[in-house]
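Structure, as structure tokens:
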Amino acid sequence: QVQLVESGGGLVQPGGSLRLSCAASGSIFSSSDMAWYRQAPGKQREFVAAITLGGTTNYADSVKGRFTISRDNAKSTMYLHLNSLKPEDTAVYYCKLSRRPLEVWGQGTLVTVSS
């Protein structure tokens, strides 16, 4: 059974940076597409960024140029580098693993951007 564990969230000032990690158990990480989503208070969960098993990346317009998604298949870990953070980036960030028909979500990590 695959499990995902996010880490790296916290409180950061506007303009600051964070690195989120998503560690996967099991042996299917390298053959899976991965993605980050976020959910702000009172809002629906939204797509942030994705990386395919082949390394192709895709970003939401709201984070393009500020966030970078990457993966290390040897460590079964995905990352999200968050730069130039804004208060509107405040949310719980979730990672998702997809390998049809399987879809697995992590428990989330909170990012708060505030002065």
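The values are calculated or read from the model by the stated rules, or taken from the named source; none is laboratory data. Being a predicted model, the structure only gives us computed values, none of them experimental. Note that we place each Cβ from the backbone using ideal geometry, even for glycine, and neighbour counts take in every protein chain shown. Please note that ligands, DNA and RNA were not included when accessible areas were found on the heavy atoms of the full protein model with its side chains. Shrake-Rupley method; radii C 1.70, N 1.55, O 1.52, S 1.80 Å.
When the inverse distances between all different Cα atoms of the range 18-97 are averaged and flipped, the Kirkwood radius reads 12.9 angstrom. Across the accessible surface of the chain, with the other protein chains kept in place and a 1.4 Å probe, carbon and sulfur atoms take up 47 percent.
Using the average count of surrounding beta-carbon atoms within 10 Å as a protection proxy, the listed peptides 29-42, 5-18 rank, highest first, as 29-42, 5-18. Summarising the label geometry, the points placed 7 Å from Cα in the beta-carbon direction at V2 and E88 lie 3.2 nm from one another. Compactness of the range 65-112 is given as radius of gyration and Dmax, 12.6, 36 Å, from Cα positions.
Summarising the strand pairing of the chain, around 95 percent of its internal DSSP beta bridges are antiparallel. In straight-distance terms, cross-link reach from K75 covers every one of the lysines whose alpha-carbon lies under 22 Å from its own, apart from those fewer than eight places away in the same chain; here that gives K96.
Averaging Cα coordinates gives a centre for the range 66-109 and one for the range 1-55; these two points are 1 Å apart.
Across the chain, the relative contact order, built from alpha-carbon pairs under 8 Å that are at least six residues apart, equals 37 percent.
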